[in-house]
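No value in this document is a laboratory result; all are computed from the given coordinates. Quick caveat, the model's predicted, so the values are computed rather than measured. No Cβ is skipped: glycine too gets one built from the backbone with ideal geometry, and neighbour counts run over all protein chains shown.
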Amino acid sequence: FSVENIRNFSIIAHVDHGKSTLADRLLELTGTIDKTKNNKQVLDKLQVERERGITVKAQTASLFYNCEGKQYLLNLIDTPGHVDFSYEVSRSLSACQGVLLVVDANEGIQAQTVANFFLAFEAQLSIIPVINKVDLKNADPERVEKQIEKVFDIPSDECIKISAKLGTNVERVLQAVIERIPPPKVHRKNPLKALVFDSTFDQYRGVIANVALFDGVVSKGDKIVSAHTKKTYEVNEVGVLNPNEQPTHKLYAGQVGYLIAGMKDVTEAQIGDTLYLHKQPVEPLPGFKSAKPMVFAGMYPIDQSEYNNLKSAVEKLTINDSSVTVHRDSSLALGAGWRLGFLGLLHMEVFNQRLEQEYNASVILTTPTVPYKAVLSSTKLIKEYREKEITIINPAQFPDKSKVTEYLEPVVLGTIITPDEYTGKVMMLCQARRAVQKNMMYIDQNRVMLKYLFPLNEIVVDFYDSLKSLSSGYARDKAHSVGKAICERLKDSLPRQLFEIAIQAAVGSKIIARETVKAYRKNVLAKCYGGDITRKMKLLKRQAEGKKKLRKIGNIEVPKDAFIKVLKTQ
Ligand code: GTP
């Protein structure tokens, strides 16, 4: 293919706006996959992705399309749809010259639409707005067109209205890709410069790196070097993705494909890295960052005898996902385990789900926390720290307050889009979470877009639920039922004591559920024969007083089983 006939593009969208459905239609229209088969979301390969209906790992496909007698090669680079993976999105986008920005005709612009738009805008890509789901009864494509014009400054006549589900007008999208997205600017005569924009691990073949060639050519047998690790490899296989791997002899600048080169785990082919030919070094492509975990949680086997099995499962999964960090950790209640770092909460859930599904492991995950930094007053005072600024990923390791001059925490810029009747409540919620308002604008007559700077810790666990509850009352009900369930579980698992134990669940200072573990009652009257009522009264009174005192000072030990029962179902 001459470069003139190549287009590299991505589809970006808010979760559920129809990105994968549109990708399937494009694959069918170009004959890449068979129309007769049930092609539900071919690009979502992992089981977790299919179950959750979200894209976790980017997948890529090369499509061949005939337009006005000319044959085109369209490289569709699928991007993850979730905010946890925005770095992966940005790297995938740097392999493209344009994007399809898909917006649901009923829901309109959502927070992730805005975030993705800016990633594409900053990468200076051509942006084709696609309004999807026009077949829905409540679809209002005209309103969405106006939102797009207002928020992104894209003229409304550039919007393509489609139904990815029914296939309506999808051909028009392919034509727009050819007309509005420029071919890649590349130099085939220069030495090789290839961007790694994704990598996966195959049990039998090792690491498969997805690459976009900016310059040069790569062939089987070439010696290549990673600009990040400086390690040299021999290329065993190159090819294109159709969407499954199809070996070719060479890959040329402008093309997107894969290569296999004896890399043992995905840390050797990190997203954003540049590959070049041995002895022909080039300036690495800009924007490379090692993945930086932002959410940490303890992970423990339910049964310590499972420790070694779990260890090998965690090792195997991290071979496939270089963005998870692993530190050994132990807890008094839960035994030996690890402290794992993830990109975000969804990333953590997906990891956990994969452990369960692919390795049959069941684990306890503790409540996630974010990394903090502490600036120490003097490193001399604290022998174990050599640096003045330390990063803390485990709450148990917080240094003593007297030795710290300043604590730092991660913050994120969040976008919230809400019907205007909830604006006041949303603003109150944000303030309660220590957020600082940065911007506010009406995106149409009754929808407001708010931008806030949030401390990550304040939003990482339940912010989204709280936000939803403002309009539905959902979270409070949930708090009640979850609180009640935990109290009941604790009640059943705690051994009875000589005193009564009150188990309470609280949201802030408000008690939302309570259970009581009744006290054992020692029969203090057992040795008291006869009917001396005053003696009986005295003994009972002393017992009652004793219990009162016990209740005040009585610490109870929560057995490990009880912990596990409570933590597990959260
Ligand atoms: P992520 O992978 O999580 O980013 O989601 P996605 O954007 O890929 O969305 P997906 O393609 O999975 O579609 C989400 C839901 O919307 C699915 O139930 C689709 O069947 C449905 N859907 C997609 N396109 C259309 C459409 O044109 N009309 C209607 N009515 N439903 C659609």
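Annotations
- Ranking of R91, R434 by count of other Cβ atoms within 10 Å, fewest first: R434, R91
- Packing-based exposure ordering (other Cβ within 10 Å, fewest first) of D329, D400: D400, D329
- Entries of K292/K451; K220/K264; K189/K279; K19/K133 with Cα pairs more than 20 Å apart: K292/K451
- What the phi angles of the range 407-412 give under the Karplus curve with 6.51, -1.76 and 1.60, with θ = phi - 60°, is a coupling list of 9, 10, 9, x, 10, 10 Hz, glycine and proline written as x.
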